[in-house]
Each structure stands twice: as C-alpha cells, then as structure tokens.
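What follows is calculated from the coordinates using simple rules that are stated; it is not laboratory data. Just so you know, these numbers come straight off a predicted model, no measurement behind them. Neighbour counts are summed over all protein chains in view; Cβ atoms, including those assigned to glycine, are modelled from backbone coordinates with ideal geometry.
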Amino acid sequence: MLKGLYTAWTGMVNEQNRMDILTNNLANSTTVGFKKEGSTSQAFSDVLAHKVKDVSEGLGTTRRIGVNNPGVKIGENYTDYSQGSFRITDNTYDLALGGEGFFAIEFTNKAGETSVKYTRAGQFTLNKEGYLVTTEGDYVLDDKNAHIKIDTLHDARIDNDGTIYQNDRAVAKIKLVDFENYDYLTKYGENYYTPLEGAKLTDSKATVYSGYLEMSNVQTVSEMVQLISITRAYESNQKIIQTYDDTLDVAVNQLGKLQG
C-alpha cells in the first residue's frame, strides 16, 4: 500500500519540475533571443521483489514475488534552439541572426573577471566612448576578438555578413560563431551561453539583419495548454495520496478497534 504513496509523490515532484521550467518560459516569452527549455521524465529501474526469511517458504529460502516499479524521476532538461520570430525596430544596432550561430560577447562578472559568452540577443547600443555593447554594458567582439569602436559622429550600416561600414569604409566585422554540438552549451542567465569542456567552435553561416530583433521562440498558447495539463496531472497524484491517507486512517483507527 505504501508503495502507491511513494509513486504518487514522485509524480508530483516531476510535475513540479515541469511547472518550474514552463513558468520560466512564460516569464521570458518577450525576452529578446530567449530559447525555451523543456524537460524529460524517466522511470526508476524496476526492482525484483523477493520473499526473504518467510516461514511459509521455509527458513533460508527466497522466492520471487514480482517486479515493482518505484515510479517516475526527473530526466534531463533541454533547450529548444529553433529560430524565433523577427521584430522590426529600424535601429541600426539592433541585430537578428537568420540561421544557426551566436554573437560573441566579452562578459564581465561582479568580481571583475572577464570571459567570452555567446548569445542570440542582438539588442546592442553604443556607449559614451563609442563601443558597441549589450544593454548590460558588455562588449560585442569583432572577428579579431577585439572591442568594436564606432565613430558616433557618422552614420553606420551593417551588412548581412556582420561588416560595419561608415562612409563606405569597413570599420569592423562582428564575430559570429557556431558549435558542432549544442549539447556542450549551458545557459548562463537567460540570454548568455557558456561552452562546456569538449565544445567545438565552428564558423557561423548565419545572416545578420540590421534593424531587427529575434524574439523568444516561446509559443504562449502552447505553453498555457501544457500548464493546464501539468496542473491536472499534479492534482491527480495529489488525490491518490489523499485516497491512500483515508484508507490508512480506516485501517489504523477503525479496523484495529476492539469490539466491546
């Protein structure tokens, strides 16, 4: 009987994990360049049950009595890297990538340590020194891994390969990279990605669109439908536990009473 309590509990834990991921997707449905996440579920390994030291079988004798499945466990989470829709901004330094690839960003943490992160969010701007930066102030890197400085007194245009022109002269080229296997990427915050050990960089063939932003690939209606499904599954497991609790209450407090 108690096995049912545990199985229902594992189901509730799994649905809670799915709910956490789904609500994070919904919270970032308008975040530029955000890629939604998903989760998987796995079954615990089946356990072969035995009768051990049971006098009805004879001392020292064991007998198989069946296979038990202890329920569900949380599997692996994954990121959906599919293309998001484009939004027109007409801002030269708002950039969207068509196809696979990432912008390279020099990220500085609170301790002052710098490292290269990768992002699909191309909401860039110029700081007061004329450097191309993200909205958080991190430097966008060029194809030589240097900061990109632009003369703020002149207009600029950005070609589809990421080359920045001023006065019909190329002044820099935005670095675009890709990875052989996205399984070697891990999220750093909501929009940055960090390569893990074993990640292999490749050249990106993505097309740069100036004056556009790639929006989140979260489909709000689809996520809401999943939200209803998860809620119902959670409530079903909750009702199972309540039923087991009522049954145990009868067994302990009523069936065990002595008749006077």
Where a ≥ b ≥ c are root eigenvalues of the Cα gyration tensor, a/c under 1.5 meaning rounded, otherwise prolate if a/b exceeds b/c and oblate otherwise, region 172-213 counts as oblate
Taking amide H positions as placed 1.01 Å from N in the peptide plane, with prolines and chain starts having none, which residues 5 or more places from residue 116, or on another chain, fall under 5 Å of its amide H? 107
Per-residue Cβ contact counts at 10 Å, fewest first, order 120, 232, 18 as 232, 18, 120
Using each residue's phi in region 191-196, evaluate 6.51 cos²θ - 1.76 cosθ + 1.60 at θ = phi - 60° and report the 3J(HN,Hα) Karplus result to the nearest Hz, with x for Gly and Pro. 10, 9, 10, 10, x, 8
Over 28 Å between Cα atoms, which of 3/35; 110/175; 110/149; 173/200 qualify? 3/35
On a 0 to 90° scale, report how tilted helix 220-253 is relative to the longest principal axis of the chain, with both axes built from alpha carbons and the result rounded to the nearest 10. 20 degrees
How high is the relative contact order of the chain, in percent, with contacts defined as C-alpha pairs under 8 Å that are six or more residues apart? 25 percent
For the Cα atoms of the chain, what angle does the longest principal axis make with the long axis of helix 2-27, in degrees from 0 to 90, nearest 10? 20 degrees
Spelling it out for residue 216: with amide H atoms placed in the peptide plane at 1.01 Å from N, the residues 5 or more places away or on another chain with amide H under 5 Å from its amide H are 31, 33, 34
Given charges at Cβ of Lys, Arg, Asp, Glu: the chain dipole, positive-most of 166, 208, 226: 226
With charges set only on the Cβ (+1 for Lys and Arg, -1 for Asp and Glu), what does the dipole of region 134-249 come to about its Cα centre, in debye to the nearest 20? 380 debye
Listing 147, 154 from the residue with the fewest other Cβ atoms within 10 Å to the one with the most, what is the order? 154, 147
With the Cα gyration tensor of the chain giving a ≥ b ≥ c as the square roots of its eigenvalues, does the rule (a/c under 1.5 for rounded; else a/b larger than b/c for prolate; else oblate) give rounded, prolate or oblate? prolate
Averaged over all viewing directions, the convex hull of the alpha carbons in region 86-214 casts a projected area in nm² of 8.1 nm²
Options 101, 236, 41, ranked by Cα towards positive dipole end of the chain, top entry (Cβ charges): 236
List, in order, the whole-Hz ³J(HN,Hα) value for each residue of region 203-209 obtained from phi through the Karplus relation with A = 6.51, B = -1.76, C = 1.60 and θ = phi - 60°; use x for Gly and Pro. 6, 8, 9, 5, 9, 8, 10
³J(HN,Hα) computed for each position of region 94-102 - Karplus, 6.51 cos²θ - 1.76 cosθ + 1.60, integer Hz, glycine/proline x: 8, 10, 10, 9, x, x, 7, x, 9
